[in-house]
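Report on the following structure.
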Amino acid sequence: MGLSDFVEKLQNKPKRTRVLILWAGTAIFMTILFVLWAWNFNLGIQEQSQAGLAASGEGAKAVSDAKDGIPSLWQSLKAGVQSILESESVSQRQVGPSTSTSEASDNSAQPKIEIENPVPSGAAAETVPPSPLP
């Protein structure tokens, strides 16, 4: 009995029987997949627990190294901010004093850009209308 004979016999059965065979095959296949997944999952957990025991000593060392590095990180950040502030004060001294403190803060927050020739000569009167929306 070959596969083609089995398929022909299955096609000749009533619809209710074919649907029952379909669901039974699906349930068997999913049970096999679930068992394989659970077995693989169990192996993965065992490997991770063994690796975790070995790495726990390394993890503690990495945490202590990070704690030791935080003060030096803070010092380098502080030095960087101070150098930025110093360069800002030097550039303000070169520009000259401003008339008021509010103008100085406005100028530093929003630099002004002047455009010398915004519209080319001869095109000042022509404008292009927007395209219609579809």
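The values are calculated or read from the model by the stated rules, or taken from the named source; none is laboratory data. Values in this document were obtained by computation on a predicted structure and should not be read as measured data.
Go through (1) under 30 Å from Phe6 (Cα atoms); (2) at pLDDT below 70 and name the single condition Ala27 misses. (2) is the only condition that Ala27 fails. Is it the case that Ser76 is part of a helix (DSSP H, G or I) and modelled with pLDDT under 75? In short, no.
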